1. Scan the range 111-122 and tell me whether some residue there is in a loop (DSSP other than H, G, I, E, B), in contact with a strand residue (DSSP E or B) (Cβ under 8 Å, 6 or more places away or on another chain) and surrounded by fewer than 15 Cβ atoms within 10 Å (Cβ to Cβ).
2. How many residues does the range 60-70 contain that are in contact with a helix residue (DSSP H, G or I) (Cβ under 7 Å, 6 or more places away or on another chain) and open to solvent by less than 30 Å² (accessible area, probe 1.4 Å)?
3. Go through the range 1-54 residue by residue and tally those that are β-branched (Val, Ile, Thr), assigned to a loop (DSSP other than H, G, I, E, B) and open to solvent by 30 Å² or more (accessible area, probe 1.4 Å).
4. Within the range 338-347, can you find the residues that are touching a residue at least 60 places away in the same chain (Cβ under 8 Å) and either closer than 12 Å to GLU292 by Cα or surrounded by fewer than 17 Cβ atoms within 10 Å (Cβ to Cβ) (or both)?
5. Return the residues of the range 71-81 that are open to solvent by less than 10 Å² (accessible area, probe 1.4 Å) and either over 27 Å from the mean Cα position of the chain (by Cα) or of a type in the set (Asp, Glu) (or both); say none if nothing qualifies.
6. Out of the range 82-103, which residues are open to solvent by less than 30 Å² (accessible area, probe 1.4 Å) and more than 22 Å from the chain's Cα centre (by Cα)?
7. Would you check which residues across the range 162-179 are open to solvent by 10 Å² or more (accessible area, probe 1.4 Å), in a helix (DSSP H, G or I) and either of a type in the set (Phe, Trp, Tyr) or farther than 13 Å from GLU215 by Cα (or both) and list them?
Amino acid sequence: MVRNPSANREQFRPHDHPNDAFLLTTVVGSYPKPKWLNRADELVDDPDSKFDVSDLEEAHDDACRLITHEHERAGLDTVVDGEMRRNEMVEFFADRIDGYEFNGPVKVWGHNYFDKPSVVEEVEYDEPWLVDEFEFTSSVAEHPVKVPITGPYTLGFWAFNEAYPSTEELVYDLADLVNEEVEKLVEAGARYIQIDEPALATTPEDHAIVGEALERIVSGIDEEVRIGLHVCYGDYSRIYPEINDYPIDEFDVELCNGDFEQIPTFTDPEFEPDLALGVVDAHTAEIESVEEIKANIRQGLRVVPPEKLTISPDCGLKLLPREIAYGKTENMVTAAREVEAEIDSGEIDVENPLDD
C-alpha cells in the first residue's frame, strides 16, 4: 500500500513560500552537461593528455555545483546535480555493483548503442554508490536535494542474466542492494529518493515483481523519507490501479509528450500516492510558455488535489540544449507559482480545474 506522503511533503516547502497552496517543484534527474565537461571526460582517457583523474574529479565537482545552482536560480523547491558524474543510467550502477561485467556495446535502435552489462555472478553490495555525490551536492545547495536511483527491475531486465535461474530472482537481490544504498543515503541526510523504472512501462505484466522489489527497497525506511517512483512511456492503463498498491509516496509519470491523453486512466479508482506530473516535454527543443504549462498543471488537478501534486518535466532533460532545458525549468516554476496564487484566490476551482 501507499506510504504516507503527507508525512514528508511539507519539509520541502520553502520557509518564504509566497502562497498558501504548495505545488512541489522538482526535476526528474538528468540535465545537459556543459560542453567542457564532455571534453574533460575525453581528455582523461587520452594517453597524451596531462589531464588526470583528480582533474576530472574537480571538473565533476565544478559541473555539479554549476547545475545545482542553475536549478536553484530557476526556483526549484528540490534540486538534483543533473547527474553530472553519471553516464548511462544502467551502466553507471552496474559498474559499481559486484557481479556485473561489460563485454562491449549492443545496438539498441537506429545507430544507437548501449554498453549492456552481463550479470555473471551473484550481485553484492560493496562501497556506497551515491553517498559522496549526495554529500557534495548537499554541501553546495541551499535547497533540499533529491537522489535518483535506477531501480532493480530496470537494472535486472536491461542486462544479460547469466547467473540467476530467473531475472525475477536477480531483481529481488538487486532490490536488497538498493535498500542498503537508500539506508546509507538516509544516514547521510537524504530525505527524497526517486527510484527510476523505465523498464516497467515496456513490460507492464511484471508490475507485481516491481511491487515486491519496492517493498524490499523501503523496508526499514522511515516515513519522513519521501520515496518516488518514476516511469516513462507506455500504456499506463496496464499498470493502474496496481500502482496504488506500491509502497511509494509519489508516482512520477510522463504525460506531457502524449498531450495528457492518459490522464483519465488515473481518475478511477481514486489515485492514492502523490502525483508528480510531467508538464514540459523532455523531447522537444521548444520552451513551453508559462500559460501553456499552467494549462498542463490543471490536468494534474483532475487527478489529485494541490496538496498531492508535484510539478516536474516529463523525463530527464539531458538530450536538450542547456539553454532550452533551463528555459523549460524556469517557466515550469513560474507557472506553478502562478497556479498556486490562482488556487488561493479562488480563480481556479480545484473541483473543476479545467473551467475558466
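1. No, because not a single residue in the range 111-122 is in a loop (DSSP other than H, G, I, E, B), in contact with a strand residue (DSSP E or B) (Cβ under 8 Å, 6 or more places away or on another chain) and surrounded by fewer than 15 Cβ atoms within 10 Å (Cβ to Cβ).
2. Total satisfying the criteria: 4.
3. 1
4. Across the range 338-347, the qualifying residues are VAL339, ALA341, ASP344.
5. Answer for the range 71-81, where residues must be open to solvent by less than 10 Å² (accessible area, probe 1.4 Å) and either over 27 Å from the mean Cα position of the chain (by Cα) or of a type in the set (Asp, Glu) (or both): ASP77, ASP81.
6. Answer for the range 82-103, where residues must be open to solvent by less than 30 Å² (accessible area, probe 1.4 Å) and more than 22 Å from the chain's Cα centre (by Cα): GLY99, TYR100.
7. THR167, GLU168, GLU169, TYR172
Each row is one residue, and each column tells you yes or no for (1) under 28 Å from PRO241 (Cα atoms); (2) among the aromatic types (Phe, Trp, Tyr); (3) open to solvent by 30 Å² or more (accessible area, probe 1.4 Å).
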| position | (1), (2), (3) |
| --- | --- |
| ALA276 | yes, no, no |
| PRO305 | yes, no, yes |
| GLY316 | yes, no, no |
| ALA325 | no, no, no |
| VAL333 | no, no, no |
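The values are calculated or read from the model by the stated rules, or taken from the named source; none is laboratory data. Note that the coordinates shown come from a computational prediction; the quantities given were computed from them, not determined experimentally. Note that we place each Cβ from the backbone using ideal geometry, even for glycine, and neighbour counts take in every protein chain shown. These area figures cover heavy atoms from the full protein model, side chains too; ligands, DNA and RNA do not enter into them. Shrake-Rupley method; radii C 1.70, N 1.55, O 1.52, S 1.80 Å.
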